[in-house]
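A.B. asks: Let me begin by handing over the structure; questions about it come next.
Here, each number is a calculation from the coordinates, and none is a lab measurement. Since this is a predicted model, take the numbers as computed values, not measurements. Note that each Cβ is placed from the backbone with ideal geometry, even for glycine, and that neighbours are counted across all protein chains shown.
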There are 2 protein chains.
Amino acid sequence: MPYRAPISDFQFLMDHIVGFDQVAATDHFADATPDMTQAILSEAAKMSEDIIAPLNRAGDLHPAHLDNGIVRTSPGFAEGYTAIAEGGWIGMSASQDVGGLGLPMTLTTAVNDMMASACLSLQLSPLMTQGQIEALEHHASDAIKALYIPKLISGEWNGTMNLTEPQAGSDVGALRTKAEPNGDGTYAITGQKIYISWADNDFTQNVCHLVLARLPGGVPGTKGISLFMVPKLIPDADGNPGIKNDLRVVSLEHKMGLHGSPTAVMEYSGAKGWLVGPENGGMAAMFTMMNNARLGVAVQGVGAAEGALQHALAYAQDRKQGKASGSGSIIEHPDVRRMLTTMKADIFAARAITLMNAVAIDMALATGDEGWKARAAFLTPISKAFGTDVGCEVSATGIQVHGGMGFIEETGAAQYARDVRVTTIYEGTNGIQAMDLVARKLMDGGEAAFRILEEIEQGAEAAKVTQPELAEAVWQSAETLRETTEWLVAQDDLNDRFAGAVPYLRAFARVLGGHAHLASAVKGDAARARLATFYIKRMLPEHLGLLAQAREGAKDLMAISADELAA
Amino acid sequence: MPYRAPISDFQFLMDHIVGFDQVAATDHFADATPDMTQAILSEAAKMSEDIIAPLNRAGDLHPAHLDNGIVRTSPGFAEGYTAIAEGGWIGMSASQDVGGLGLPMTLTTAVNDMMASACLSLQLSPLMTQGQIEALEHHASDAIKALYIPKLISGEWNGTMNLTEPQAGSDVGALRTKAEPNGDGTYAITGQKIYISWADNDFTQNVCHLVLARLPGGVPGTKGISLFMVPKLIPDADGNPGIKNDLRVVSLEHKMGLHGSPTAVMEYSGAKGWLVGPENGGMAAMFTMMNNARLGVAVQGVGAAEGALQHALAYAQDRKQGKASGSGSIIEHPDVRRMLTTMKADIFAARAITLMNAVAIDMALATGDEGWKARAAFLTPISKAFGTDVGCEVSATGIQVHGGMGFIEETGAAQYARDVRVTTIYEGTNGIQAMDLVARKLMDGGEAAFRILEEIEQGAEAAKVTQPELAEAVWQSAETLRETTEWLVAQDDLNDRFAGAVPYLRAFARVLGGHAHLASAVKGDAARARLATFYIKRMLPEHLGLLAQAREGAKDLMAISADELAA
């Protein structure tokens, strides 16, 4: 069941739907010519198809494991990682100042999407490193940048994020890990961190942990948190890995999926660390990393969904069953066709949203414009939650398309569903994303939201000539979404927003998906118009139920007591 | 995380929502007095809580395995099975003529729900046996009934269903297993069957396989299929297990979940079998078994959802995180409260539908009335698909409530999701259920559907006095559902019905759930009214998007070619 990268979808989305031409037209991204873009997509596709995808099953069957304190990775992962590093894919969006290729995040997003389809558990490692590079670029001292970033980009070293502690999950501010000055400009880090992805491996020369900890006198909560670089091996005077730091992998988790990605409990016992960013400024630095990572996780969802779709499609085209017309395969049954088309239409919508998000990030960087920044910030939680929900839903439908075979592990369909399941949870649960959207991201009085809604309405106006029926449906959905957005902005009690945050976020994504599909119907060929018609007529109406829920507020909900729920 | 059976929910639903009083008022079920009902619920609860639930994790961690051709079951399962058998729970709805208790299916449904919450993989074994008993009651000769049914009821022997073959899944008619007359009234069965649940074990004295096979000259398709009883050990003259039959477990599947339930590939090599029902009448007999089993599988979904809800609730009440008011636990966050309330409201709706279905089955049996039969037949696919979808969705939300812990297997939340996943597939995929609903179950011109819709509208009329807002919403939803039902009935091309079958079925369930919740608001206490308000205002509107999809027909969908999907 070989993976084939959907290059033409990426190219179409970039050329016609998400406004990548604006990015390529900036001085900052002058290198991102059409030729370069095409070359990147085609090279990344080749590597993902030929080298990464064949590793996926082994990652599930032979999980990373702990062997005398060292993490041994799944068969072939070392070679796969080397291919990713040597391809230059880790640092492709890092700035050229620090040795990166300085290419747009839009391109990195497409490449990450492909690698995620091919092998989610391996792809998580470069994804974490990409986030670390970005955090260091923005917040680290020149000395740390010079020492670490080139080795992270080359893949000689890899990066991790250490936020969570047993009592501090979504509430990062509750963390207890301590950092005490050693008197020489370094700090002694002491504490336990959990859920550390790719905390160790047997293929990089060093592992660079970015660790959140509290300095003496750091106030409780997030404002008293600082960020530290804590390498597994302390670099010597030449910058080579030297003596072992006082940290260790205590254990690896036994997870529902993503078995190829080691998830560790880490113990820091006075480990030597270097401050990144200002004292007590750890959360700001961490948010740089997390915003990048949130889009990265969104793309994991989309990529996994693509893998699941291709897997299910191959089965449905091959499997003969019942009185199907045409080929006689189950794909000729309307309900199987409906499942597969739903999967494909949702992937197109979610992928469009992640690429729109990446374009906004690129434009913000290239222009410094606050509007682009606000747009990127607004789209990030939508990308993350919708992209990963689509990952879970599409992979669940993929199992269903397989019938009984879907429940048998050897088929591989179940692995997509098990692997992608964590993406709705890590980097901020999808509930946290939705709360971020309706609280922080509407603090501007809805300005960023209304700008996007105007754009959708303008798109629908323009589409009325060639696609009147579809355009009207999208325009109407944007109006309903606008009314709900106005209602949310008017609620002073944040709980009234939070109660409907998840359905609101999903409705926003549904309507944005309608916008992308409508543009696809206008600018694409007949096949794209058919897919858009399916989405807009059959899937977009979901927003009605979602928005009804989003406007109900908290009162009735919170009146249902915990005791009642448990009764 | 102990399971507590929701006895008060069962009692409330039976007393006030699903019309169990009608069942108890029939002569046929005169034994089902209020005292008896209460005693049954309380005894089954006790066993499920104290004996069955503690086995659930071991079933996952120590799967059934094949040892020299014999299936070794998970630790404690033998004792659990014995408790179920000795409690009389296997044959509780078998008629008294054959040694059963002759109690209503409504009560069996409640008991199966509890056992499914406690341990889905073990509960599947008595569920299969219940289906076999019913098939034998209706179709077997007196000799077979007398020999097999008492031992199936006592739990000394257990029953299986052998339908599927590698090339014959949803399309049962494609099966190739042969039955050749031995000349002594018995038959030699030869062929391979797959996905055979509980095909063997190490705790019953015999395993009774009901096997679909084709007699010489049997026409192709389902009309040439006959049903055979093929015991693992051939009963001797005294009816005790004698010499080994020519059948064997070839292998067990490695599944996503339900590890405690052995799923076998079976090889029949001229095994001795006895005809059940007439020659070439196998499908009719099998449908008896399958209709019962479909409701049984629906209840597996509901039961698993209940287990997942209780698990998530306990976590949410215990886990402290963030600036939550009140208890300081995450249950005080509106989004967590929303997730848990959604889970609870959906379980109530799905459970009400399965019990309505069971009441219709009981009334059909007790009165012989065609209207009740049609109602039971109409509700069965809705129960099966909605009950199991709720199982999957609620258990997925249960993982989400746990945050990062949900992805860690030791927590147990993931097991609910993995175990219940197969229920949307086996006993006819949920797509097949929906096709059955819009084709066969609307062949009466929608009569059964419209009767139910009238009942919903009458319920809404009656509720207008005390719950005007909720009643109006439910009435309106029934009207929209009626329009779509009329549209479906008017479509001559079945593909136009099939294309929207799944969303139509779900919308029907949503509206039926609204009906049940509305009755609950009218007849229950304030807490029930609050839950009903949540469901009707926030969840019922989902039907709008679903029904829009149900009315779109097949043309646009089937115009999207398989090649386009794969492009």
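A.B. asks: When Cβ neighbours within 10 Å are restricted to other protein chains, what is their mean count per residue of peptide B:335-343?
C.D. replies: Other-chain Cβ atoms within 10 Å of each residue's Cβ, averaged: 6.
A.B. asks: What are the extents of the Cα atoms of chain B along their three principal axes, listed from largest to smallest and rounded to whole Å?
C.D. replies: Extents along the principal axes, in whole Å: 71, 62, 54.
A.B. asks: Could you go through region A:143-149 in sequence order and give the Karplus-derived ³J(HN,Hα) for each residue, using 6.51 cos²θ - 1.76 cosθ + 1.60 with θ = phi - 60°, rounded to whole Hz, and x for Gly and Pro?
C.D. replies: 3J(HN,Hα) across region A:143-149, in whole Hz: 5, 5, 3, 5, 6, 8, 4.
A.B. asks: Would you tell me the mean number of C-beta atoms belonging to other protein chains that fall within 10 Å of each C-beta in B:522-529, as a whole number?
C.D. replies: For peptide B:522-529, the averaged partner shielding equals 2.
A.B. asks: Can you compute 3J(HN,Hα) from phi for each residue in region B:454-459, using the Karplus curve 6.51 cos²θ - 1.76 cosθ + 1.60 with θ = phi - 60°, rounded to whole Hz and x for Gly and Pro?
C.D. replies: Coupling constants for region B:454-459: 4, 4, 5, 5, 5, x Hz.
A.B. asks: I would also like to ask the following. Suppose you put the label 7 Å out from Cα in the Cβ direction; list, shortest first and in nm with one decimal, how far A:HIS28 is from each other copy's label.
C.D. replies: Result for A:HIS28, in nm, nearest copy first: 7.4.
A.B. asks: Can I ask one more? Please list 3J(HN,Hα) in residue order for region A:342-353, calculated via the Karplus relation 6.51 cos²θ - 1.76 cosθ + 1.60 where θ = phi - 60°; whole Hz, with x for glycine and proline.
C.D. replies: Calculated HN-Hα couplings, in order: 4, 4, 5, 5, 6, 5, 4, 4, 5, 5, 4, 5 Hz.
A.B. asks: Which cross-chain or sequence-distant (5 or more) residues have an amide H under 5 Å from the amide H of B:GLU165, H modelled 1.01 Å from N in plane?
C.D. replies: The list, which skips near neighbours in sequence, is B:ILE194.
A.B. asks: Hull surface divided by four, with the convex hull built on the Cα atoms of region B:444-567: how many nm²?
C.D. replies: 8.5 nm²
A.B. asks: List the distances, in nm and shortest first, from the label point of B:PRO2 to the matching label points in every other copy, placing each point 7 Å from Cα along the Cα-to-Cβ direction.
C.D. replies: Distances to the matching label points in the other copies: 5.8 nm.
A.B. asks: Ordered shortest first, which distances in nm separate the 7 Å Cα→C-beta label point of A:SER95 from those of the other copies?
C.D. replies: Sorted ascending, the copy-to-copy spacings read 8.4 nm.
A.B. asks: Kindly rank B:371-378, A:545-552 from highest to lowest mean number of other beta carbons found within 10 Å of each residue.
C.D. replies: Ranking, from highest mean packing down: A:545-552, B:371-378.
A.B. asks: Further question: Name the long-range amide H neighbours of A:LYS272: under 5 Å, sequence gap of 5 or more, or other chain; modelled H, no Pro or chain starts.
C.D. replies: A:ILE189, A:ASP246
A.B. asks: Taking the beta-carbon count within 10 Å as an exposure proxy, list A:LEU313, B:LEU540 from fewest neighbours to most.
C.D. replies: So the residues, fewest neighbours to most, are A:LEU313, B:LEU540.
A.B. asks: When you look at the Cβ of every residue in A:171-182, what mean number of other chain Cβ atoms sits within 10 Å?
C.D. replies: Shielding by partners across A:171-182 averages 1.
A.B. asks: Provide the net charge surrounding B:ARG375, with neighbours chosen by a C-beta distance below 13 Å and charges set as Lys +1, Arg +1, Asp -1, Glu -1.
C.D. replies: Neighbour charge sum, excluding B:ARG375 itself: -4.
A.B. asks: Hey, another quick one. I'd like to compare B:280-290, B:353-363: which one has the highest average count of other Cβ atoms within 10 Å, and what's the full order after that?
C.D. replies: Put in order of decreasing packing, that is B:353-363, B:280-290.
A.B. asks: Further question: For chain A, what does -39500 (n - 2.57) per DSSP helix run (n ≥ 4), summed and divided by total residues, give at 222 nm, in deg cm²/dmol to the nearest 500?
C.D. replies: -17500 deg cm²/dmol
A.B. asks: If you don't mind, there's one more thing I want to ask. Report the trypsin sites (Lys or Arg not before Pro) located in region A:159-210 that are in a DSSP loop and have at most 15 other Cβ atoms inside 10 Å of their Cβ, or state none.
C.D. replies: Taking region A:159-210 and a limit of 15 other Cβ atoms within 10 Å, the loop trypsin sites (Lys or Arg not before Pro) found are A:ARG176.
A.B. asks: Something else now. Go through B:LYS145/B:LYS272; B:LYS441/B:LYS523; A:LYS373/A:LYS464 and tell me which ones have a Cα-Cα distance over 21 Å in this structure.
C.D. replies: Too far apart for the 21 Å limit: B:LYS441/B:LYS523; A:LYS373/A:LYS464.
A.B. asks: Report the FRET efficiency, 1/(1 + (r/R0)^6), for A:PHE450 and A:ALA143, where r is their Cβ-Cβ distance and R0 is 41 Å, rounded to 0.05.
C.D. replies: 0.40
A.B. asks: Please list A:554-560, A:306-312, A:25-31, B:229-235 highest first by mean number of surrounding beta-carbon atoms within 10 Å per residue.
C.D. replies: Packing proxy ranking, top to bottom: A:306-312, B:229-235, A:554-560, A:25-31.
A.B. asks: When only DSSP loop residues count, what trypsin sites (Lys or Arg not before Pro) in region A:236-329 have their Cβ near at most 16 other Cβ atoms within 10 Å?
C.D. replies: A:LYS323
A.B. asks: List the residues whose amide H sits under 5 Å from the amide H of B:LYS255, counting only those 5 or more places along or on another chain, with H placed 1.01 Å from N in the peptide plane.
C.D. replies: Amide H neighbours of B:LYS255, under 5 Å, 5+ apart: A:GLU409.
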